[in-house]
Amino acid sequence: RSGYTAAAMASFVNQMTQLRYGRKDELEADLWGMKLLQEAGYNPWSMVALMRILKEAGASSRAPEMLLTHPLPESRIAAIE
């Protein structure tokens, strides 16, 4: 049984490590998205409006941010601003 527990813990640590990098990458993608919006002639701040829509849409089902593949919209808004 201790082997099963060790494997479960290793799997959990691996998942947490991968999520951390995924969230960091997602924030970088948001910044690139803003740059590309601006270069294309669009208002880059419309990205904040999109994040507010995502925040409202997911308000009822909130897991801790550390368990999510994407940062919470509030974190993304703060990073964008």
Subset of the range 50-64 [of a type outside the set (Gly, Ala, Ser) and open to solvent by less than 40 Å² (accessible area, probe 1.4 Å)]: Met51
Options Ala7, Ala63, Ala79: the member that is touching a helix residue (DSSP H, G or I) at 6+ places or on another chain (Cβ under 6 Å) and small (Gly, Ala, Ser): Ala79
Count of the range 32-49 residues which are among the aliphatic types (A, V, I, L, M) and open to solvent by 80 Å² or more (accessible area, probe 1.4 Å): 1
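Just to be sure, is Thr5 in a loop (DSSP other than H, G, I, E, B) and loosely packed, with under 14 Cβ neighbours inside 10 Å?
Values: in a loop (DSSP other than H, G, I, E, B): no; loosely packed, with under 14 Cβ neighbours inside 10 Å: yes.
So Thr5 fails the test.
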Qualifying residues in the range 65-81 (those that are open to solvent by 30 Å² or more (accessible area, probe 1.4 Å) and in a helix (DSSP H, G or I)) - the one farthest from Leu27 (Cα to Cα): Leu67
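The values are calculated or read from the model by the stated rules, or taken from the named source; none is laboratory data. A quick note: this is a predicted structure, and the numbers were derived from the prediction, not measured. Quick reminder, even Gly has a Cβ in these numbers, built from the backbone with ideal geometry, and neighbours come from all protein chains shown. Keep in mind that these areas ignore ligands, DNA and RNA; they rest on the heavy atoms of the full protein, side chains included. Shrake-Rupley method; radii C 1.70, N 1.55, O 1.52, S 1.80 Å.
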